[in-house]
Amino acid sequence: KNVCLIGSNGCYINDDYYEINNTTPSIIEIYYLLSLARKKRIKIVVMEVSSHAIKLMRIYGLSFYLTLFTNITQDHLDFHHNFTDYLYTKVLFMIKQNNNIIVNSDSPYFSLIDSYANGKVITYGKKSNNYKIEEINEGINESKFILRINNQKVYNIKTKILAEFNIYNLVSALAILDKLKLLNLKVINFLTDNIKVDGRMEFFEKNNVKVIVDFAHTPDGIKSVLTFLNKVKKNNIISVLGCGGDRDKDKRHIMGKIASELSDFALFTIDNPRSEEPLDIINDIIKGCHKKNYSIV
């Protein structure tokens with residue numbers, strides 16, 4: 001299928017790449033990208049919709065055939081000011097869609113979305129009856145699990161995509177494909193390939209040192225990555241991370257605490273300070289560290 005993808009890794013129209021400044025661009029830019037996609041006879045558009053886009057009406061006027069809710073944890077509180085506003089902004093997007101809504105049944109906010117949802121709710125996760133995840137086996141080189149669809153079809157899946165949180169992401173994508181009537185053995189076999197997504201549990205190895213690069217930039221993201229690594233590690237975990245400037249300051253000390261507690265050693269460094277002093281950001285991070293197992297670069 002010809003596909004257009006718009007999200008935090010940029011915009012792809014088939015194999016053509018277009019740089020964008022936001023996860024979800026302005027509505028004018030979206031329509032421009034959609035017009036390019038239409039000229040190339042694209043029939044399917046996959047779009048990552050940020051909470052900023054919902055609140056700032058960047059998607060106003062667009063209707064979605066399928067909507068997916070993965071999870072929500074602390075982030076963007078510099079913009080939303082409190083978690084309740086952040087949560088209900090996402091919920092608002094869900095209830096505006098009169099369509100199939102795919103929801104992570106293991107999310108603590110599942111019942112909230114389920115009660116507000118306007119369309120048909122389809123679930124995935126360990127508790128789901130639609131796309132049920134069973135027998136997860138995590139490794140440093142691959143993941144294995146069983147996917148049971150509506151208690152009828154069963155798939156044994158082996159993939160190079162790492163960590164339990166990515167298995168959830170993968171199953172949500174398979175649920176979308178199934179609803180588009182595109183899920184088949186060809187897709188399942190494709191998952192065994194060496195799939196790489198830039199900055200998403202991206203694996204490198206040199207001189208017997210394993211390096212994983214991940215986009216994790218929230219307390220939950222850092223915790224999920226390091227929890228996985230602690231399950232599969234054979235040697236020490238050395239974490240390298242920072243926090244962006246002019247963004248949610250409340251999460252910095254939490255990220256520092258998690259990195260210090262779940263790593264053997266942590267290096268705190270610069271990550272796009274914008275208008276802030278880099279050392280001020282790092283000092284916010286180390287306020288949460290109760291162990292002296294870190295260094296500042």
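The values are calculated or read from the model by the stated rules, or taken from the named source; none is laboratory data. Bear in mind the structure is a predicted one, so any value in this text is a computation, not a measurement. Cβ atoms come from the backbone with ideal geometry, glycine included; neighbour counts cover every protein chain shown. Just the protein is used for accessible areas: all its heavy atoms, side chains included, with ligands, DNA and RNA removed. Shrake-Rupley method; radii C 1.70, N 1.55, O 1.52, S 1.80 Å.
Computed in the context of the full set of protein chains, the accessible area of the chain at 1.4 Å probe radius has 50% of its extent on carbon or sulfur. Where in segment 248-275 does the label zone of Ser295 land, with the point 7 angstrom along Cα→C-beta and an amide N cut-off under 12 Å? Only 265-268 pass the distance filter. Highest mean packing first, where packing is the average number of other Cβ atoms within 10 Å per residue, the peptides 247-258, 27-38, 123-134 line up as 247-258, 123-134, 27-38. Checking every one of the trypsin sites (Lys or Arg not before Pro) in segment 42-110 against DSSP loop status and a limit of 13 other Cβ atoms within 10 Å picks out Lys43.
Residues whose amide H falls under 5 Å from that of Phe69, counting only those 5 or more places apart or on a different chain, are Ile102, Val103, Asn104, with hydrogens built in the peptide plane. Just name one of Leu226, Thr67, Ile254: the one whose Cα is farthest towards the positive end of the charge dipole of the chain (beta-carbon charges, Lys/Arg +1, Asp/Glu -1). Working it through, the farthest residue towards the positive pole turns out to be Thr67. Modelled this way, with points 7 Å down the Cα-to-C-beta line, the labels at Lys249 and Asn283 are 1.1 nm from one another. Length gained on full extension, Glu135 to Val232, computed as 0.36 nm times the residue gap minus the Cα-Cα distance: 33.3 nm.
Taking every protein chain into account, the accessible area of segment 108-257 amounts to 56 square angstrom per residue (probe 1.4 Å).
About the centre of its Cα atoms, the chain shows a dipole size close to 1100 debye [charges on the beta carbon of Lys, Arg (+1) and Asp, Glu (-1) only; nearest 20 debye]. In the chain, what % of DSSP beta bridges are antiparallel (nearest 5)? Around 55 percent antiparallel, to the nearest 5.
So what's the gap between the Cα centers of segment 117-168 and segment 1-76, to the nearest angstrom? With segment 117-168 and segment 1-76 each reduced to a Cα centre, they are spaced 25 Å. Residues whose amide H lies under 5 Å from that of Ala266, counting only those 5 or more places away or on a different chain, are Ser239, Tyr294, Ser295; hydrogens are built 1.01 Å from N in the peptide plane. Positive-end ranking of Thr23, Gly139, Leu241 along the dipole of the chain, with charges on Cβ about the Cα centre, is headed by Gly139. In a fully extended conformation the segment linking Glu202 and Gln74 would gain 43.7 nm over its present Cα-Cα distance, using 0.36 nm per residue. Taking the Cα centre of the chain as the origin and placing charges on Cβ (Lys, Arg +1; Asp, Glu -1), which of Asn169, Ser50, Asn189 is farthest toward the positive end of the dipole? Farthest along the dipole direction, towards plus: Asn189.
Descending by average beta-carbon neighbour count within 10 Å, the peptides 286-292, 203-209 line up as 286-292, 203-209, the highest first. Under the classification rounded if a/c is under 1.5, otherwise prolate if a/b is larger than b/c and oblate if not, where does segment 1-157 fall, given a ≥ b ≥ c as square roots of the Cα gyration tensor eigenvalues? In terms of gyration-tensor shape, oblate.
Would you look at the GNM of the chain, springs on alpha carbons closer than 10 Å, and say which of Asp75, Asp16, Asp246 moves the most? Largest GNM mean-square fluctuation: Asp16. Which shape class, rounded, prolate or oblate, goes with segment 55-137 when its Cα gyration tensor gives a ≥ b ≥ c as root eigenvalues, a/c under 1.5 marks rounded, and past that a/b bigger than b/c marks prolate? It comes out oblate by the Cα gyration axes.
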